[in-house]
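The values are calculated or read from the model by the stated rules, or taken from the named source; none is laboratory data. None of the values given here were measured: they were computed from a predicted structure. Ideal geometry is used to build each Cβ from the backbone, glycine not excepted, and the neighbour counts take in all protein chains shown.
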Amino acid sequence: MNRHIVVVGAAAAGLAVTEQLRRLGYDGDLSLVGAENHPPYDRPPLSKRFLAGELSAEQLRLAEPEALDRLALSMHRGRRAATADLDSRTVTLDDGTVLTYTDLVVATGVAPRGLSGTGTSDGGKEQGDVGRPGPVGTLKTLDDARALAEQLRPGRRVVIAGGGFLSTETAWTALALGCEVTLVNRAATPLAVLGDHVGSLVGERLRAAGAALLTGRTVRAVHQRDGLPEAGRLTVLLNDGTRLPADAVLGAIGSVPATDWLASTGLDLSDGVRCDAGGRAAPGVYACGDVASWYHPRHGGHLRLEHRMHAGEQARVVAANLLGGTEVLNSVPFFWTDQGPHKIVVHGLLTPGSDFKPLEVDPERDRFTGVYLLDGRPVAVLAWNSPKEALRLRRELFTDPQSADAPTPAAPAEPAAGMPVPQ
């Protein structure tokens, strides 16, 4: 048969594979399967500028229609992969279409993790409530963002379950739109992955902007009471018995790799699709993006990183290796997050057990940098409102991971109010 590369997943990673294949001269059959009816679009702005009404759906597009046409793709938009058979090299879609491939690229990303306990209203009934399970929104797709945007009106009470990047970014947007925001977070601080220092600072800034942060708690149930106006129908019950009135509830407590359709393939799906350093999961099968767990030579183990830029790097390597290359990905991971008026940039791998040490603090301009140390060695650097400094530190520390030494952390004499101080 003629060569036919099938890419399942039409977000940033999947589209990037097809673009790079054509750029490298591949002129064979190429199919792209996407679960949404929309053209491929950029997801990170959904919680920020799109939700705020500053960007349109058209401005989120990763490729204009003319550019997609030039890729000469067989597009299967609005279709999900139902099953895959590695022996017969086929993928069956949810409408029964069977695609026979010579090479398969898995780029299906992740799915939002559901809120445990929100499907029942037992907790509310114990308290004398009369109601039924209420709606809990998610923010993964363009349609999700559109639905949430309709609810973010001035004065609306918004409860967000979770304390990660999506939760806090959405909280900032809702605050800017005039909503009353409550963040319910199991951890002691938001953005706990960044450590207590930075997480506490983010929490302080959110509170200063008007958000209520309920830490050490989780959402137990959400109730909807009929016969009330649209606003005020919801009650959110927390695990400690606290009851919060709400007009909108967003669940953002993490995600799980979208691998259900691969369950019978025999692939290692213990944490997404397990791959070697070149993105290979099995003969003729590759994976990239949020769904993929690649072996990373720099760190000596497998990593599954849900970072937009990392997905693009993986896509480049996969495309090259599909065409006979032997590339591996050994770069330093990096990501950023916009927390309202604050930009946080991280280069490296945030490793459990590492300690954050501030390096340079500029209180007047609300900037600082720091390094994460594990057993005395740098594993990541962070910059608050100073992305260029983050890049400089990356170059200083990670050019040669075998010999790079951490700079001596410098404690500022007059740290800015609310900024983390070395302990």
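Could you list, in sequence order, the residues of the range 298-346 that are of a type in the set (Ser, Thr, Tyr) and either without any contact (Cβ under 8 Å) to a residue 60 or more places away in the chain or in contact with a Gly (Cβ under 9 Å, 6 or more places away or on another chain) (or both)? Matches in the range 298-346: THR326, SER331. Scanning the range 358-373 for residues that are assigned to a strand (DSSP E or B) and out of contact with any Gly (no Cβ under 6 Å at 6 or more places or on another chain) gives GLU360, VAL361, ASP362, ARG367, PHE368, THR369, GLY370, VAL371, TYR372, LEU373.
If I ask for residues that are at pLDDT 50 or above, in contact with a helix residue (DSSP H, G or I) (Cβ under 6 Å, 6 or more places away or on another chain) and over 20 Å from THR189 (Cα atoms), which ones from the range 373-423 would you list?
Within the range 373-423, PRO378 is the sole residue that qualifies.
If I filter the range 321-349 down to residues being of a type in the set (Val, Ile, Thr) and at pLDDT 95 or above, which single residue comes out as nearest to TYR372 (Cα to Cα)?
VAL346
Cβ separations smaller than 6 Å between residues 6+ apart or across chains give no pair from the range 166-178 residues that are under 15 Å from HIS342 (Cβ atoms) to residues that are part of a helix (DSSP H, G or I) and at pLDDT below 95.
Taking the criterion of being touching a strand residue (DSSP E or B) at 6+ places or on another chain (Cβ under 9 Å) and in a loop (DSSP other than H, G, I, E, B), the residues of the range 274-295 that qualify are ASP276, ALA277, GLY278, GLY279, GLY284, CYS288, GLY289, ASP290, VAL291. Inspect all residues belonging to the range 99-115 and state whether any of them is among the hydrophobic types (A, V, I, L, M, F, W, C), out of contact with any strand residue (DSSP E or B) (no Cβ under 8 Å at 6 or more places or on another chain) and buried (at least 21 other Cβ atoms within 10 Å of the Cβ). Looking through the range 99-115, none of the residues is among the hydrophobic types (A, V, I, L, M, F, W, C), out of contact with any strand residue (DSSP E or B) (no Cβ under 8 Å at 6 or more places or on another chain) and buried (at least 21 other Cβ atoms within 10 Å of the Cβ).
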